[in-house]
Amino acid sequence: MGSSRQGADSAVDEQQRSLRLAKKQNKQVRDFWYHLMVYVFVCGLLVVVDLRGGQTGQTGQPVLGLDWAFWVILFWGLGVIGHAISVYLSDDRAEQRYAERHPESGPQPGR
């Protein structure tokens, strides 16, 4: 009887852990999409401001028709790519995909 109780407790613990992981991943994905939307909106505004400015600054020739906005878009874009990698290729995601593909192996040790 004690063994079945322990099994039920471990199943409940595993469900709670899965629920916490799902909530965490949901928040990470939501935060990434918010970051991406802000990036697109702000970069659009920067392009408009840069193109309307019309003068090249100290950089000399504009890159893709942009003077300074190009560099902001480039480096912030690298940050957005890093954010996407951390959200979609994280260890938690890899563990979840492994568990879905190999349900017979159960939880991984050390987790």
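The values are calculated or read from the model by the stated rules, or taken from the named source; none is laboratory data. Given the structure is predicted, the values throughout are model-derived calculations rather than measurements. Using ideal geometry, Cβ is built from the backbone for each residue, glycine included, and neighbour counts are taken over all protein chains shown. Remember, those area values only see protein heavy atoms, side chains included, never the ligands or the DNA or RNA. Shrake-Rupley method; radii C 1.70, N 1.55, O 1.52, S 1.80 Å.
Structure above, values below:
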{"quantity": "Pairs with Cβ under 9 Å, 6+ apart, first in region 52-73 and over 23 Å from residue 37 (Cβ atoms) and assigned to a helix (DSSP H, G or I), second open to solvent by less than 90 Å² (accessible area, probe 1.4 Å) and at pLDDT 60 or above", "calculated": "53/67"}
{"quantity": "Residues that are free of Cβ contacts under 8 Å to residues at least 12 places away in the same chain, surrounded by 12 or more Cβ atoms within 10 Å (Cβ to Cβ) and within 17 Å of the chain's Cα centre (by Cα), drawn from region 10-30", "calculated": "22"}
{"quantity": "Residues satisfying the stated conditions in region 61-81, i.e. modelled with pLDDT under 95 and either open to solvent by 90 Å² or more (accessible area, probe 1.4 Å) or over 19 Å from residue 50 (Cβ atoms) (or both)", "calculated": "61, 64, 68, 71"}
{"quantity": "Qualifying residue in region 85-94 (condition: at pLDDT 95 or above, open to solvent by less than 70 Å² (accessible area, probe 1.4 Å), closer than 12 Å to residue 32 by Cβ and out of contact with any strand residue (DSSP E or B) (no Cβ under 7 Å at 6 or more places or on another chain))", "calculated": "no"}
{"quantity": "Test: residue 35 is modelled with pLDDT under 90 and surrounded by 10 or more Cβ atoms within 10 Å (Cβ to Cβ)", "calculated": "no"}
